[in-house]
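For reference, the structure is listed below as structure tokens.
The values are calculated or read from the model by the stated rules, or taken from the named source; none is laboratory data. What you see is a predicted model, and the numbers here were worked out from it, not measured in a lab. Cβ sites come from the backbone with ideal geometry, for glycine too, and all protein chains shown count toward neighbours.
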Amino acid sequence: MTNTIQNSITSNEFSGTLLATSEEGTVLQESYGYANRSEQIQNHTGTRFGIASGCKIFTAVSILQLVEAGKLSIESKLIDLLDHTFPHFAQDITIHHLLTHTSGVPDYFNEEVMDDFEELWIQNPMYHMRKLGDFIPLFENEKMLSAPGEKFQYNNTGYILLGLVVEKLANMPFADYVQTHVFQQAGMGHSGYFEFDQLPSSTALGYIDLPDGKWKSNIYSVPVKGGADGGAFVTADDMHSFWEALMANKLLSKEWTDRLLTPHAWEDEETAYGYGVWIDSDSIGAKKYHVMGYDPGVSFHSGYYPCQELTITVCSNKSKGAYPVLEILEEAFL
């Protein structure tokens with residue numbers, strides 16, 4: 001490990017696991033900090049970390065698998081797929097709109113209005129949030145933010161709705177579908193949607209650092225169980241397995257893998273969004289496919305770099321720290 005990488009890890013007081021892999025195998029894999037600070041249980045390469053919105057890509061893969069199976073189409077309308085009535089929703093919202101954050105539906109956590117994710121759970125106790133249907137009251141009577149297809153606006157509600165579609169068409173809980181059809185197929189044997197009051201071994205608690213060196217865990221700051229918009233737990237190795245399976249067309253056919261990785265909406269001139277995945281491009285084409293997630297006590301980045309056939313994953317059980325480490329790793333290996 002170079003001094004630059006080590007200095008970044010030290011200066012950011014990084015807690016988590018980093019992994020860089022190439023076609024030849026592991027380039028770098030290290031773990032730092034504590035999975036449990038009270039008991040001083042250290043993070044290790046097999047530690048599972050929460051990844052917040054980093055798992056939207058699992059939802060997108062699940063939807064596209066159902067498209068391939070003929071259960072729906074990418075242009076199917078939400079109103080035709082769910083029994084629940086949303087009185088203020090536009091009638092022409094499609095699966096494509098939801099996948100690309102262009103649906104305009106009200107976001108139960110609108111980052112333009114609300115700065116702190118923890119605020120949500122004052123009126124809606126997080127320990128009640130155990131299934132996708134529990135999120136519906138947070139947005140069902142709210143008005144549209146914009147017309148479908150009008151603009152890109154990152155949206156968590158859209159992915160909750162996609163998860164509900166998966167449950168309806170697959171006739172099983174969303175987490176069970178992903179476990180069977182994504183995690184197992186990709187060889188992600190240590191990943192899952194775990195509940196905070198039933199965490200398996202080797203799972204890191206998330207930590208929120210407070211002033212004066214104090215801290216607290218995030219168990220009262222995020223939903224007790226993650227869902228279609230975020231909240232799965234993975235190991236860094238499992239994320240490598242996911243990228244490997246996705247790029248080898250083991251989760252979707254080549255046609256639908258390519259569609260998932262096609263820019264469909266743009267945040268700015270260089271950064272686009274496919275289906276559940278961010279895409280950075282230059283004049284030649286895509287240079288990075290990546291996912292990221294931030295919650296109180298969670299920071300996560302994972303990406304595949306097609307020109308170098310490289311994957312880099314940084315999992316952290318702190319609210320900040322993953323991105324600066326990722327930047328240093330990209331400088332070192334790209």
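Within segment 296-334, the set of residues being buried (at least 16 other Cβ atoms within 10 Å of the Cβ), among the charged types (D, E, K, R) and touching a residue at least 40 places away in the same chain (Cβ under 8 Å) comprises just one member, LYS318.
If you check GLY104, GLY70, which single one turns out to be at pLDDT 95 or above, in a loop (DSSP other than H, G, I, E, B) and surrounded by fewer than 13 Cβ atoms within 10 Å (Cβ to Cβ)? Matching residue, one of GLY104, GLY70: GLY70. Contact map, segment 203-229: residues that are within 21 Å of HIS44 (Cβ to Cβ) and surrounded by 24 or more Cβ atoms within 10 Å (Cβ to Cβ) paired with residues that are modelled with pLDDT under 95 and not acidic (Asp, Glu), Cβ distance under 6 Å, separation 6+ or inter-chain. Pairs shown: GLY206/ASN218.
Within segment 251-264, can one find any residue that is of a type in the set (S, T, N, Q), surrounded by 15 or more Cβ atoms within 10 Å (Cβ to Cβ) and in a loop (DSSP other than H, G, I, E, B)? No, segment 251-264 contains no residue that is of a type in the set (S, T, N, Q), surrounded by 15 or more Cβ atoms within 10 Å (Cβ to Cβ) and in a loop (DSSP other than H, G, I, E, B).
Any chance you could count how many residues in segment 278-295 are assigned to a loop (DSSP other than H, G, I, E, B) and either buried (at least 21 other Cβ atoms within 10 Å of the Cβ) or of a type in the set (Ser, Thr, Tyr) (or both)?
At the first step, the residues of segment 278-295 found to be assigned to a loop (DSSP other than H, G, I, E, B) are 282-285.
Applying the additional criterion that residues be either buried (at least 21 other Cβ atoms within 10 Å of the Cβ) or of a type in the set (Ser, Thr, Tyr) (or both) yields 283.
Final tally of qualifying residues: 1.
Here LYS288 does not qualify as out of contact with any Lys or Arg (no Cβ under 8 Å at 6 or more places or on another chain) and in contact (Cβ under 8 Å) with a residue 24 or more places away in the chain.
Quick grid of which residues meet (1) under 30 Å from TRP215 (Cβ atoms); (2) of a type in the set (S, T, N, Q); (3) touching a Lys or Arg at 6+ places or on another chain (Cβ under 9 Å):
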{"residue": "GLU244", "(1), (2), (3)": "no, no, yes"}
{"residue": "GLU255", "(1), (2), (3)": "no, no, no"}
{"residue": "HIS301", "(1), (2), (3)": "yes, no, no"}
{"residue": "THR313", "(1), (2), (3)": "yes, yes, no"}
{"residue": "ASN317", "(1), (2), (3)": "yes, yes, no"}
{"residue": "PRO324", "(1), (2), (3)": "yes, no, no"}
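Collect the residues in segment 179-201 that are among the aromatic types (Phe, Trp, Tyr), modelled with pLDDT of 95 or more and assigned to a helix (DSSP H, G or I), keeping them in residue-number order.
Going through segment 179-201, the residues among the aromatic types (Phe, Trp, Tyr) turn out to be 183, 193-194, 196.
This time we only want the ones that are modelled with pLDDT of 95 or more, so: 183, 193-194.
Scanning segment 179-201 gives a single hit, PHE183.
For VAL113, the conditions (1) modelled with pLDDT under 95; (2) assigned to a helix (DSSP H, G or I); (3) of a type in the set (A, V, I, L, M) all hold with the exception of (2).
The set of residues from segment 1-37 being among the β-branched types (Val, Ile, Thr) and either within 21 Å of VAL234 (Cα to Cα) or surrounded by 14 or more Cβ atoms within 10 Å (Cβ to Cβ) (or both) comprises ILE5, ILE9, THR17, THR21, THR26, VAL27. Annotation note: Cβ proximity below 8 Å between a residue of segment 252-271 that is within 15 Å of PHE152 (Cα to Cα) and at pLDDT 95 or above and a residue that is in a helix (DSSP H, G or I) and hydrophobic (A, V, I, L, M, F, W, C) (sequence gap 6+ or interchain) occurs for HIS264/LEU99. Could you check, for segment 35-49, whether at least one of its residues is at pLDDT below 95 and either under 14 Å from VAL298 (Cα atoms) or assigned to a loop (DSSP other than H, G, I, E, B) (or both)? Looking through segment 35-49, none of the residues is at pLDDT below 95 and either under 14 Å from VAL298 (Cα atoms) or assigned to a loop (DSSP other than H, G, I, E, B) (or both).
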